[in-house]
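Please read the structure below before turning to the comments.
The values are calculated or read from the model by the stated rules, or taken from the named source; none is laboratory data. Worth saying up front: this structure is predicted, and the values here are computed from it rather than measured. FYI the Cβ positions are ideal-geometry reconstructions off the backbone, even for glycines, and counts take in every protein chain you see. Each accessible area value is taken on the protein alone, full model and side chains, heavy atoms only, with ligands, DNA and RNA left out. Shrake-Rupley method; radii C 1.70, N 1.55, O 1.52, S 1.80 Å.
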Amino acid sequence: MGRVGTVAFWHMYTMGVGGTVALCGHDVVFVWQTSVVSMVYTQSEILQKEVYLFEHIDSPNRESMKHLKAICFLRPTKENVQYLIKELRRPKYSVYFLYFSNVISKSDVKSLAEADEQEVVAEVQEFYGDYVAVNPHVFSLNIVGCYQGRNWDPAHLARTTQGLTALLLSLKKCPMIRYQLSSDMAKRLAEGVKQVITKEYELFDFRRTEVPPLLLILDRSDDAITPLLNQWTYQAMVHELLGINNNRIDLTRVPGISRDLKEVVLSAENDEFYANNMYLNFGEIGTNIKNLMEDFQRKKPKEQQKLESIADMKAFVENYPQFKKMSGTVSKHVTVVGELSRLVSERHLMEVSEMEQELASQNDHSSALQNVKRVLQNQRLSELDATRLVMLYALHYDRHSSNGLQGLLSDLRNRGVSERYRRLVSAVVEFGGKRVRSSDLFSASDAVSITKQFFKGLKGVENVYTQHQPFLLDTLDQLIKGKLKDNMYPYLGPSSLRDRPQDIVVFIVGGATFEEALTVYNLNRTTPGVRIVLGGTTIHNTKSFLEEVQAAGFQSRPSESSQGAMRSSVRR
């Protein structure tokens, strides 16, 4: 899935068309095609295909360069089509190859043809890549804020429908569709995708397989626990503590950071160490970082091995280009892991994470309440970490007869937590509390215990393996075994699968997480004959998830939200 949608560049290369400028699409809300291309190709790879310039089609001051050919890779929006019409009427390049990342209407193609009076367009094609390929089995639409209460933001529903159908076209899948019954948003998206498949039936006329593929659409509100938890595998931890934005990590806040490392790229496509370690726990990463540095040291020529000063080492790297890339990899990952380790220590995340796991995995209310109160006494906890513990308590015990939420909110206020965060506690409960959930996130057994395993790789690097598993694991396990209940996850339409599904696309309205991505990775690795792709409106960490909840507007309309939750319960 990684390079779907940027096939245009390879296509141009095989045609022998060198000397090109790539024009990127622009969207009012999202600058889309830039992120699509940058996630799967480095600038040097594009340059190797003789693509010399990379421009936005709406840039006002582009020069006329008739000696260059233009590859235009665009979303087929009305705005982009208008930009193209304007471009073709006064072309700045000798030839144009137009590639759209989704289905373009016949009327828009006709408008482009009428604008091409100078006959500079050599080709028009659709390459379905209207989404961001995050991992080989994970995709995102980079949308935060799709909820309006319990309903879709209309623009985001349209955008999500387009992105999901492009994903299906790129994978050549015409699936049967199931959706979460308790979510009107999941049902509306399922209906929208089905309408596109029906309308564009010729595009979806793929070779039939013995067992048809399956699209399962879920709602984030059914599991609000997972995006609130601290993470301990490399990719998930980086996203939680530092934030990953289209493979880029902003390190400007790292104390003493050098100019070259203020922004780094973590891409499994181009970073072998990252590809091999992204799903490993933090302790193992520390060990592997040490091994990486030792390997780098061993590969130095003998006459360089005794160099000790930084200046000598810098000169060595610059004089030996074959080591430059490895040097950059070492510097990057040492810096990232070092900052993660600093934050774990500074924010007392081991203690916080242990408390999170108790709240997510056990059912002893009295113990949980006492322990949360105890941890909140630690004044070195960050505002976010203190609040997330209260959120997890509220999600688990919001209907408990001895609920102590008001006391915990008072504790937050007394320690100076902002009103915004305190209001978000009730908003998260309205978003994904017990009245809303169709699932039972918490086991009824009190016998569940947490097994802590500490792995030490480097001094100061400790990782806690935790018990929590996303609810998605249980859902997919039931689906793969053919036991997922039809009355909770009905099929759209009269047909249903008679055999267990093999090709599965699962999409989470409201965003997926890297913990769920790890779950899917492990299922793909351990379940022969089953292939699962995970997607979401975005890939959340705790901060972006809280932005999602806040944008939905629950805390400002409590009565409406409660009514929506009651309606959801009645449907079930």
### Estimated FRET transfer efficiency (Asp499, Ser439; beta-carbon r; R0 35 Å; 0.05)
0.90
#### Entry: Ranked packing of 359-370, 498-509, 406-417, 69-80, most packed first, by mean Cβ within 10 Å
69-80, 498-509, 359-370, 406-417
### Query
Which loop trypsin sites (Lys or Arg not before Pro) in segment 375-411, with loop taken from DSSP, have no more than 12 other Cβ atoms within 10 angstrom of their Cβ?
Arg380, Arg399
### Query
Efficiency by 1/(1 + (r/R0)^6): what FRET value for Asn403 and Lys110, r their Cβ-Cβ distance, R0 = 51 Å, to the nearest 0.05?
0.25
### Task
Would you mind pulling out the separation of the Cα centroids of segment 60-78 and segment 344-362, in Å?
51
### Task
Please report the orientation-averaged projected area of segment 53-144, defined via the convex hull of its C-alpha atoms, in nm².
7.2
### Query
When the chain is fully extended, how far beyond the present Cα-Cα distance does Lys262 get from Ser410, taking 0.36 nm per residue of separation?
49.4 nm
### Query
Using the scaling law 2.2 N^0.38 Å as the reference, what is the normalised Cα Rg of segment 467-519?
1.24
### Summary
To the nearest 0.05, the calculated FRET efficiency linking Glu351 and Asp205 through their beta-carbon distance, R0 being 51 Å, is 0.35
### Ranked by how many other beta carbons lie within 10 Å on average, peptides 477-486, 269-278 from highest
269-278, 477-486
### Query
How big is the gap, in Å, between the Cα center of segment 157-212 and the Cα center of segment 115-139?
20
### Exposure ranking of Glu284, Glu63 by accessible area [1.4 Å probe, largest first]
Glu63, Glu284
### Summary
Here, Thr198 and Glu383, labelled 7 Å along Cα→Cβ, have an inter-label distance in nm of 4.9
### Query
How much length is gained if the chain between Ala275 and Lys290 is pulled fully straight, taking 0.36 nm per residue apart and subtracting their Cα-Cα distance, in nm to one decimal?
3.7 nm
### Task
Provide the net charge surrounding Met278, with neighbours chosen by a C-beta distance below 14 Å and charges set as Lys +1, Arg +1, Asp -1, Glu -1.
-4
